[in-house]
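**Student:** Let me begin by handing over the structure; questions about it come next.
The values are calculated or read from the model by the stated rules, or taken from the named source; none is laboratory data. Predicted, not measured: the structure shown is a model, and the values here were computed from it. Every residue, glycine as well, gets a Cβ built from its backbone with ideal geometry; the counts of neighbours run over all protein chains shown. To get the accessible areas, we keep the full protein, side chains included, count just its heavy atoms, and leave off ligands, DNA and RNA. Shrake-Rupley method; radii C 1.70, N 1.55, O 1.52, S 1.80 Å.
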Amino acid sequence: GCNPLAETGRSKLQNQRAVLNQQILRAVRMRAGAENLLRATTNNKVREQVLLELSFVNSDLQILKEELEGLNISVEVYQNTEETFSIPLVPLGLKETKEVDFTLPLKDFILEHYSEDSSEYEDEIADLMDLRQACRTPSRDEAGIEMLISYFLQLGYVENRFFPPTRHMGVLFTWYDSFTGVPVCQQNLLLEKASILFNIGALYTQIGTRCNRQTQAGLENAVDAFQRAAGVLTYLKETFTHTPSYDMSPAMLNVLVKMMLAQAQECVFEQISLPGIRNEFFTLVKMTQEVAKVGEVYMLVNTAMNQEPVKENIPYSWSKLAQIKSDHYKALAHYFIATILCDHELQSSDDEDQQEKALSQLYDCVPEGLMVLTILKDKVQRKQLGKAHLRKAIVYHEEALRVCGLCKKLRNIEVLQEVLTAAHKRSLLKYAQQDIEDDFLSLIQAPDILSKTEHKIETIAPQFSKVKVKDFFHRLGPLTVFSAKQRWTAPRTIRIHHEAGELGFSLKGGSPVQIYCLDPICSAASMGLKEGDYIVSVGGVDCKWLGVNEVLEKFKSMGERPIEIEVIS
């Protein structure tokens, strides 16, 4: 993990988030207390005072939640440090948590359930707690992802070893909602696992926003990171269906997955246009469809963000940014098609059929009275339709600028204003360069553009198997036998005497080995050895992980001396 005291922009934001979470927790408790008092009292004077207090607390909560939203839209901190002229991408902030002390619950369980000296496992418990602490400040790279996955996998072992399905262990996990700041406390390890998964997805989004979008490699990495973020959040939605934290509810995760895939699609378009867009007929057709796809996916994201129940908790500025991006990229699509129509007259050397086919793919239906081939051949119709697309592009640009002006948080993002303004000016300039004509065709309406992409964006499922993790509590024995679900007797010591070179029993199974075909009249049986007992040590040496041949070797090494073994039933 990173140094939690490091004064980086990202750590300052996370520290502010932690402080806000504590303030929200206090306000929520005060509100709950005031509401309880209001229900309990019949004194009118007390009720008036409580109602006044409630109004103060509620307004304070609203201000705190607005500050939290401000952190969620502080996107400039997460962007690449290179000078860039791109609309910022939105990362997810990491969920904050309180410290957890595993020491006493795990030591008690080791002594009670496994009948082992729990003091011998202090190092393992400390390792687990150190790993959890490091996961609160993961580095923003593959090493950070690997560490979070390691802890997630380690939790699988811990759950099987120490968390029986029938009772709670007394370990309280507290995690704060990423959007509302409200804490969720549970003794259930599922909350811990789900929150770590959310943070893996959030870290991928931060890696994606940090990529250098001025290079092909940087954009490829950004696309990959957002697809992986979407994959982790999808896995979280499908695996942990009843998480009490609102930021991990199925509805919210559904919106976040859509947003990450839209950002990946946006990076794909930037990737295609990075070398420059040639002012050539078929290149512009392809660019029109690609950018129309970006506008379409952001429109779907904006629609999803404005649905109940997500609408109440999604940051307002995120929803507005999705709307701005949808309008901006739709405007670019209309600008590109206008450039096709205004700058490329059909020449005798051009392939008429190919151009007709390409242009017809852009429209579901052309304006009434027009045909694609006629538009290509007729200079007047071509210009008129081109101008209609420019007018539509200008309308979309103006709407994007208007929405940006309405949101205080977005107004303060300089690069966003610069990109929107530059695109708007370019469309206005293109329109001004066209001939002014007053005939009735000038009222023609530009049709909607059909989107299409050659680069399908899909979620990439998390590949946990690539991270190799060793169970911290490996010494307790194979997990198939030594788990919280199984119950056994305390270890019993059996002293075995050789009888005419025979032990009086056979061994079977993997590790640990089991007693098999026990002779009921042998000395070992008379000392309490039972059919099916597991051997856990031979001559004071732990053998939980040894197979049949290795245990037999240990027996042989004892020679004719009596053998002391420890067994459990």
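**Student:** Any idea which residue in the stretch 476-500 is modelled with the lowest pLDDT, counting only those that are open to solvent by less than 60 Å² (accessible area, probe 1.4 Å) and among the small types (Gly, Ala, Ser)?
**Tutor:** Ranking the candidates gives Ala490 first.
**Student:** Also, quick follow-up: Is it the case that the stretch 464-478 has a residue that's more than 30 Å from Val223 (Cβ to Cβ), of a type in the set (Gly, Ala, Ser) and touching a Gly at 6+ places or on another chain (Cβ under 7 Å)?
**Tutor:** As a first pass, look at the stretch 464-478 and keep what is more than 30 Å from Val223 (Cβ to Cβ): 470-478.
With of a type in the set (Gly, Ala, Ser) added as a condition, the list becomes 477.
From what is left, the residues that are touching a Gly at 6+ places or on another chain (Cβ under 7 Å) are none.
Checked against the condition, which is being more than 30 Å from Val223 (Cβ to Cβ), of a type in the set (Gly, Ala, Ser) and touching a Gly at 6+ places or on another chain (Cβ under 7 Å), the stretch 464-478 yields no hits at all.
**Student:** For the stretch 126-151, how many residues are part of a helix (DSSP H, G or I), under 18 Å from the mean Cα position of the chain (by Cα) and over 19 Å from Thr174 (Cβ atoms)?
**Tutor:** 8
**Student:** Name the single residue, out of those in the stretch 226-279 being surrounded by 21 or more Cβ atoms within 10 Å (Cβ to Cβ) and acidic (Asp, Glu), that is nearest to His328 (Cα to Cα).
**Tutor:** Here the residue is Glu266.
**Student:** A further question follows. In a helix (DSSP H, G or I), of a type outside the set (Asp, Glu), over 12 Å from Leu92 (Cα atoms) and in contact with a Lys or Arg (Cβ under 6 Å, 6 or more places away or on another chain) - does that describe any residue in the stretch 244-266?
**Tutor:** We begin by selecting, within the stretch 244-266, every residue in a helix (DSSP H, G or I); these are 246-248, 250-266.
Still in the running and of a type outside the set (Asp, Glu): 246, 248, 250-265.
In the following step, the residues that additionally are over 12 Å from Leu92 (Cα atoms) were identified as 246, 248, 250-252, 254-255, 258, 261-265.
From what is left, the residues that are in contact with a Lys or Arg (Cβ under 6 Å, 6 or more places away or on another chain) are 250.
Looking for residues that are in a helix (DSSP H, G or I), of a type outside the set (Asp, Glu), over 12 Å from Leu92 (Cα atoms) and in contact with a Lys or Arg (Cβ under 6 Å, 6 or more places away or on another chain), one finds at least one in the stretch 244-266, hence yes.
**Student:** Being open to solvent by 10 Å² or more (accessible area, probe 1.4 Å) and touching a Phe, Trp or Tyr at 6+ places or on another chain (Cβ under 7 Å), is that true of even one residue in the stretch 211-222?
**Tutor:** no
**Student:** Also, quick follow-up: Of all the residues that make up the stretch 234-259, how many are under 19 Å from Gln307 (Cα atoms) and touching a Gly at 6+ places or on another chain (Cβ under 8 Å)?
**Tutor:** Looking only at that region, the number is 1.
**Student:** What residue, among those in the stretch 383-417 that are touching a Ser or Thr at 6+ places or on another chain (Cβ under 8 Å) and touching a residue at least 60 places away in the same chain (Cβ under 8 Å), is surrounded by the fewest Cβ atoms within 10 Å (Cβ to Cβ)?
**Tutor:** This residue is Val415.
The rows are residues; the columns are (1) open to solvent by less than 20 Å² (accessible area, probe 1.4 Å); (2) over 20 Å from Gln361 (Cβ atoms); (3) touching a Cys at 6+ places or on another chain (Cβ under 6 Å).
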{"residue": "Phe282", "(1), (2), (3)": "no, no, no"}
{"residue": "Val285", "(1), (2), (3)": "yes, no, no"}
{"residue": "Thr288", "(1), (2), (3)": "yes, no, no"}
{"residue": "Leu300", "(1), (2), (3)": "no, yes, no"}
{"residue": "Pro309", "(1), (2), (3)": "no, yes, no"}
{"residue": "Glu312", "(1), (2), (3)": "no, yes, no"}
{"residue": "Ser326", "(1), (2), (3)": "yes, yes, no"}
{"residue": "Leu341", "(1), (2), (3)": "yes, no, no"}
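**Student:** Condition first: touching a helix residue (DSSP H, G or I) at 6+ places or on another chain (Cβ under 8 Å), free of Cβ contacts under 8 Å to residues at least 40 places away in the same chain and outside any loop (DSSP other than H, G, I, E, B). Can you find one or more residues in the stretch 501-524 that meet it?
**Tutor:** No, every residue in the stretch 501-524 fails to be touching a helix residue (DSSP H, G or I) at 6+ places or on another chain (Cβ under 8 Å), free of Cβ contacts under 8 Å to residues at least 40 places away in the same chain and outside any loop (DSSP other than H, G, I, E, B).
**Student:** What number of residues within the stretch 122-152 are closer than 15 Å to Ala202 by Cβ and surrounded by 17 or more Cβ atoms within 10 Å (Cβ to Cβ)?
**Tutor:** 12
**Student:** When you check Ser115 against the structure, is it open to solvent by 40 Å² or more (accessible area, probe 1.4 Å), on the phi > 0 side of the Ramachandran plot and hydroxyl-bearing (Ser, Thr, Tyr), yes or no?
**Tutor:** Numbers: open to solvent by 40 Å² or more (accessible area, probe 1.4 Å): yes; on the phi > 0 side of the Ramachandran plot: yes; hydroxyl-bearing (Ser, Thr, Tyr): yes.
Considered against the rule, which asks whether it is open to solvent by 40 Å² or more (accessible area, probe 1.4 Å), on the phi > 0 side of the Ramachandran plot and hydroxyl-bearing (Ser, Thr, Tyr), Ser115 comes out as yes.
**Student:** Now a separate question. Which of (1) touching a Ser or Thr at 6+ places or on another chain (Cβ under 9 Å); (2) under 22 Å from Ser115 (Cβ atoms); (3) surrounded by 14 or more Cβ atoms within 10 Å (Cβ to Cβ) does Val536 not meet, given it meets every other one?
**Tutor:** (1)
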